[in-house]
Amino acid sequence: QPPRSTDILLQEFITRGPNEADIAFVYESIALHRWRQSSLTQGNPYQMYYLEPTIETVATAAIVTRNVNQATADAAQQFLDFLAEPEQQSVFVQFGFRSANSNVDIQSVVNSPWLQSIPGVSASPPPASPTQEQTTLAEVIRLWQRAK
């Protein structure tokens, strides 16, 4: 049975130790967050590698305004603005997420995993793979706008 998430997969690798798999593909944030656990339980923590080109996941949020009154939509926007502030983005960085706020440097945040000498970790990963062709993106945008 496949793991329910990449975090559970990595936890199983850490708990059980060496097994049939030599490599696990997981999100960077999960690998960074679980690294200390691996170093404590296995004695020989794992090495991180980045695919080249890598696959970028972008933190996104949207307020769907259909069937929502203006006060609720405004409150949702305030919450998103709050999450984007440097103080909150710094908390995300501490858990291995790259900041969605360009004013937050992942290497200057206290307790940033990028400052913990984790083998293979990189503040500047390889370039991301090219985005989808314009017709695909246009169709996704069209469907999204239809759902609003």
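What the table shows:
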{"item": "Whole-Hz ³J(HN,Hα) from phi, Karplus 6.51 cos²θ - 1.76 cosθ + 1.60, for the stretch 24-31, glycine and proline x", "result": "10, 9, 9, 5, 4, 4, 5, 4"}
{"item": "Degrees, to the nearest 10: 134-147 long Cα axis against longest axis of the chain", "result": "60 degrees"}
{"item": "Sites Phe25 and Leu80, calculated FRET efficiency, Cβ-Cβ separation with R0 30 Å, nearest 0.05", "result": "0.50"}
{"item": "Cα→Cβ-extended label distance, 7 Å offset, between Gln11 and Arg146, nm", "result": "3.9 nm"}
{"item": "Sequence ranges 70-82, 107-119, ranked by mean other-Cβ count within 10 angstrom, highest first", "result": "107-119, 70-82"}
{"item": "For Ala128, distant residues with modelled amide H under 5 Å away", "result": "Thr54"}
{"item": "Structure-based [θ]222 nm, the chain - -39500 (n - 2.57) summed over DSSP H runs of at least 4, per residue, nearest 500", "result": "-13500 deg cm²/dmol"}
{"item": "Order of Thr15, Thr135 - criterion: other Cβ atoms within 10 Å of each residue's Cβ, fewest first", "result": "Thr135, Thr15"}
{"item": "Charge context of Ser90, other residues only, Cβ under 14 angstrom, K/R +1, D/E -1", "result": "-2"}
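Bear in mind that the values in this text are calculations on the coordinates, not laboratory data. Because the structure is predicted, anything quoted here is derived from the model rather than measured. Heads up, the Cβs are rebuilt from the backbone with ideal geometry, glycines too, and the neighbour counts pull from every protein chain shown.
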